[in-house]
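Derivation of every value follows stated rules applied to the coordinates shown; laboratory data play no part. Just so it is clear, the model here is predicted, and its values are computed rather than measured. With ideal geometry, Cβ positions are generated from the backbone for all residues, glycine too; neighbour counts draw on all protein chains shown.
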Amino acid sequence: MIVTIDGPAGAGKSTIARNLAATLGFRFLDTGAMYRAITLGAIRKEIEFDNQASLIAYAQKATIRWDQDKLLLDGGDVTEQIRSPIVTDSIRRIADIAEIRTALSDQQRRIAAGDNIVTEGRDQGTEVFPEAECKLFLTASPLERAKRRHQQLVELGRPIPLHDILTTQERRDEHDRERPLGALRPSEDAITINSDGMTAEDVLQEMLNTVHQVIESRQLNISTAPRAS
Ligand code: C5P
């Protein structure tokens, strides 16, 4: 069974998707991390972002793997580095390239093949897994998302003015929405959850209920106990 969760930056997708997968005993796939890894690799290899042919060649041969919660790019742990601002600021130069999207989408389908998985990103329900049994679109108002990010940064001791977060977030959302391939949008058969005023626990519970409803209504033969490892 495939559960897709798409939505804009800062909607809390990653944490909730990870918890949903753990609760169901499904695998978890963070597809944003894959785009981040290729962006980091391109920066490290000093490939010019205008040199699409080299970016494509690099993305097609780079290896992305997970070892438990660690993300390995060409064998090296990049879990922390892919979250750096330079990666976030440059990622669209990678995510806009159709051939790179095709390579990563193919890899996402290989990872999901024959397994129960919760996969999270922008285009999972629309382009990568149009046949997914359960499609969720998690959103929240721009202000609420920016406030949550602001709070996280305060807790990390790196406060940034709320207004700046809001501006950057809006620019990123707009770009993600307008990308010709893999654009951020709910698929027609997705269930949208707006998490304004909801706790992460509320959202998780709503998603769990939805997944269980799908399993029942489609009479899927799936056991949803948490995995031992
Ligand atoms: O989810 P995360 O913030 O890590 O994603 C980073 C960026 O990667 C997004 O803003 C988007 O541009 C790109 N992305 C994408 N398709 C996905 C996941 C992420 O284009 N499936």
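In plain terms, the residue of ASP164, ASP123 with the fewest other Cβ atoms within 10 Å comes first and the most crowded comes last, giving ASP164, ASP123.
Which number comes out as Rg/Rh for the chain once both Rg and the Kirkwood Rh are worked out on C-alpha atoms? Ratio of gyration radius to Kirkwood radius: 0.95.
Projecting the Cα positions of GLN124, THR63, SER90 onto the charge dipole of the stretch 53-171 (unit charges on Cβ atoms of Lys, Arg, Asp and Glu, taken about the Cα centre) puts SER90 furthest along the positive direction. Each residue of the stretch 53-65 was assigned a 3J(HN,Hα) from its phi angle through the Karplus curve 6.51 cos²θ - 1.76 cosθ + 1.60 (θ = phi - 60°); the sequence is 4, 5, 5, 5, 4, 5, 4, 6, 10, 5, 10, 10, 9 Hz, with glycine and proline shown as x.
Among beta bridges from DSSP that stay inside the chain, the antiparallel ones total about 25%. Placing +1 on each Lys and Arg Cβ and -1 on each Asp and Glu Cβ, with no other charges, gives the chain a dipole about its Cα centre of roughly 400 debye.
Show log10 I(q)/I(0) for the stretch 29-115 at q = 0.20 Å⁻¹, two decimals, from a solvent-free Debye sum over equal Cα scatterers. Each listed q corresponds, in turn, to -0.89. Counted by neighbouring Cβ atoms within 10 Å, the residues LEU40, LEU136, LEU208 run from fewest to most as LEU208, LEU40, LEU136. From most to least packed by mean Cβ count within 10 Å, the peptides 179-188, 148-157 give 179-188, 148-157.
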